[in-house]
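What follows is a short report on a single structure.
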Amino acid sequence: MKVDIMGTLWVNVICFCALIDRYELLPTPSNETSDINNFIDDWDYRIEPHDMPLLNFSATRHSLPPSPQVHNIQVLVKKKRKPKLPKKLGDAAYSFVDCRWCDIGVTMLIDELKIGSSFEILKKKVTDMCVDFNINTKEVCEGIFDVFGPTVIAAAKMSKLNAKQACSMVLGESCKGNISNPLHQWNISFPDVPKPSVGRISPPKVGSTTFKILHLSDTHLDPDYVEGSVSNCLEPLCCRNESSEGIPEPIPAGKWGAYAKCDTPRILLENMLEHISEQHPDIDFIFWTGDLPPHDIWKQTKEYNLDIIKQTTQQMIEYFPSTPIFPAVGNHESIPPGTFAPPWVQQENSTSWLFNELSAHWKRWLPASSTTTVMRGGFYSVLLRPRLRLISINTNYCHTYNWWLLVNSTDPAKELKWLIYELQEAENKEERVLLIGHIPPGSYDCMKVWSENFNRIVARYESTISAQFYGHSHADEFEIFYDPEDLSRPTNVAYLGPSVTTFENYNPAYRIYYVDGDHPKSKGIVLDHETWTMDLEEANRVGEPTWYRLYSARKDLDIESLLPEDWNGLLKKLIDNPDAFYQFYRYYYRDSPTRPKCDNKCKLQILCDLRSGRSHVRHTLCHDLEQKFGSDK
């Protein structure tokens, strides 16, 4: 799984941990805590579930993917020279930051905090450290402080955590030892209803109706992308006019994109959407799982992000005017990126500015009943067809860089309580549920306690949740969920759709799913999926992209069906068979010629990611992999 650019911000704000009262130096001003102390959350999560089907009756029998085209076989054997790319800023951040450095950062600012240093003084201190350690340019370091500083300071002054506890929450398993954090240990509760018995699902009869679903994720439109600009710049995002020059071996940005730290040119996104609308006119509906703005996190504003959301939404409407679209909110939609304030955070720090805008855009696809939950926290539940429900959750409420969680991480916005209610109602009505979101619950940047509770929900409602769909990682992969009481038994699968953006080393791609359709015995299970991509290097050379089917799951991964036990069997094959892993690794990067060489450390990371539907328990879930491939530390 890729290292998200959000990891880079930790370097620039690490000294803010000092604001979290390590030595009880900062008494919390009463006006800073008024929001959380005086806020009474009387929101009733037991909303009447939406029960009017959004989709017209569909008796379509979509053909499942055929054998791979000859083009795919040629891709398998072609070899290309890997261009030399600069070290990722995210990698530099993660190699620099651990709990030890976090504590050092605290110590460095203790004196400044004692004397009540101003925002500008703190900014200069952090910027100087950022530049001195060659983290990035002065402009980027200052910009990140300006974007993230006010929110981090406000949240830190309200937090009751010490530095070790805060660092443990943000950095997770990289913090060694058992760090007690009682303020952030919580459990959701379930209705007093017995769990239905679980048995293996039988595939539908051949010729049964199916749904054909498009999955788009991580488009990261960059309106400032410039062909010919520096693609291997020093900033976190390149391929722009302002990208730093003076690189010893500059690599110019191509017309259609670049494999470096660059996002999606407008012409590439439009070309892909046009291709999809022509190649797949029979799509029944679309999953759109977030991350619309580019990765220029050091210079973004609310107005800028809202404009990107508006532009991208208009593109979707233009190319899919009559196709139902079901969105999920990504971490990059907010300002600062990843920061989604719970309802008790009000006034200037509230996220209502974003939820209001999303509600205005999404209402063309969603029923009026969804407005309440979208406005509250960016989540909703809708009935697609009788006995098939879709629930979109805001997994940014588990994001470790959501700084408000350092104050109170307990079920932000009551989202999980609401989710349990929706799932229980679905179980009562014998509905099957498709879950969509942005950040996968097993991701390294999903908070451990939230992920634990979410896994309990998935295990309890495994007979109701047919499958899950996320983005965020940019890779073409999956996550397996296991029974918390029996880690050998898989309960569910999360499909992580590939990114449209090439950031970083990927070919752009989209996913097509074939789901058990509109018939009385439908279980809403995924029958097959296929990934479509294009060769960016070739497109830049010949002047036009050619989109093609890279692989289909059943045929090219050689699995009987796409049930959890079958994905678990595939994972065992990837562990034991180097050729099978190599093929999967090609698909992971969509056969990009710049994909890194995958050594044992790389294999360990990817294979453990596939097994980790639960975050920050890698050494429990992947102990056997560590023994086989060596420690990932």
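The values are calculated or read from the model by the stated rules, or taken from the named source; none is laboratory data. Predicted model only: the values in this text are computed from it and were never measured. Positions of Cβ are generated from backbone atoms using ideal geometry, with glycine treated the same way; all protein chains shown enter the neighbour counts. Ligands, DNA and RNA are stripped out before the accessible areas are found, and what is left, the full protein with its side chains, is counted by its heavy atoms. Shrake-Rupley method; radii C 1.70, N 1.55, O 1.52, S 1.80 Å.
Observations on the model:
- Counting only residues that are open to solvent by less than 10 Å² (accessible area, probe 1.4 Å) and closer than 19 Å to P440 by Cα, the range 588-633 holds 10 of them.
- Enumeration of residues in the range 398-412 that are among the aliphatic types (A, V, I, L, M), touching a Ser or Thr at 6+ places or on another chain (Cβ under 9 Å) and in a helix (DSSP H, G or I): L406
- The conditions of being of a type in the set (F, W, Y) and assigned to a strand (DSSP E or B) are not met by Y506.
- So T531, is it in a strand (DSSP E or B) and either modelled with pLDDT of 95 or more or open to solvent by 10 Å² or more (accessible area, probe 1.4 Å) (or both): yes
- Scanning the range 373-397 for residues that are in a helix (DSSP H, G or I) and either modelled with pLDDT under 95 or not hydroxyl-bearing (S, T, Y) (or both) yields V374, M375, R376, G377, N396.
- Taken residue by residue, the range 482-499 has no member that is acidic (D, E) and crowded, with 20+ Cβ neighbours inside 10 Å.
- Criterion applied to P191, P150 was being assigned to a loop (DSSP other than H, G, I, E, B), of a type outside the set (V, I, T) and either closer than 30 Å to E462 by Cα or open to solvent by 60 Å² or more (accessible area, probe 1.4 Å) (or both), and the one residue passing it is P191.
- Y513 open to solvent by less than 10 Å² (accessible area, probe 1.4 Å), touching a residue at least 60 places away in the same chain (Cβ under 8 Å) and closer than 18 Å to H280 by Cα: yes
- Selection count, the range 233-283, where residues are open to solvent by less than 30 Å² (accessible area, probe 1.4 Å), modelled with pLDDT of 95 or more and of a type in the set (D, E): 1
- Total residues in the range 544-566, condition under 20 Å from D591 (Cβ atoms), charged (D, E, K, R) and part of a loop (DSSP other than H, G, I, E, B): 2
- Residue that is modelled with the highest pLDDT, among those in the range 398-419 that are under 15 Å from E333 (Cβ atoms) and in contact with an Asp or Glu (Cβ under 8 Å, 6 or more places away or on another chain): H399
- Every pair of residues 6+ apart whose Cβ atoms lie under 8 Å, when the first sits in the range 374-391 and is farther than 20 Å from A360 by Cα while the second is modelled with pLDDT of 95 or more and hydroxyl-bearing (S, T, Y): R389/S381
- The C-beta contact set for the range 322-336 (first residue closer than 17 Å to L435 by Cβ, second residue at pLDDT 95 or above and charged (D, E, K, R), distance under 7 angstrom, 6+ apart or interchain) comprises G330/D291.
- Residues that are among the hydroxyl-bearing types (S, T, Y), under 21 Å from the mean Cα position of the chain (by Cα) and more than 15 Å from R511 (Cα to Cα) within the range 547-591 comprise just one, Y585.
Residue-by-condition table, conditions (1) at pLDDT below 95; (2) touching a helix residue (DSSP H, G or I) at 6+ places or on another chain (Cβ under 6 Å):
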| site | (1), (2) |
| --- | --- |
| N455 | no, no |
| A459 | no, no |
| E462 | no, no |
| A467 | no, no |
| Y470 | no, no |
| D476 | no, yes |
| I480 | no, yes |
| L487 | yes, no |
| A494 | no, no |
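- Filtered residue count, the range 212-248, keeping only those that are under 30 Å from H62 (Cα atoms), outside any loop (DSSP other than H, G, I, E, B) and out of contact with any His (no Cβ under 7 Å at 6 or more places or on another chain): 3
- With respect to the conditions (1) at negative phi; (2) surrounded by 22 or more Cβ atoms within 10 Å (Cβ to Cβ); (3) of a type in the set (A, V, I, L, M, F, W, C); (4) assigned to a helix (DSSP H, G or I), L354 falls short on a single one, namely (2).
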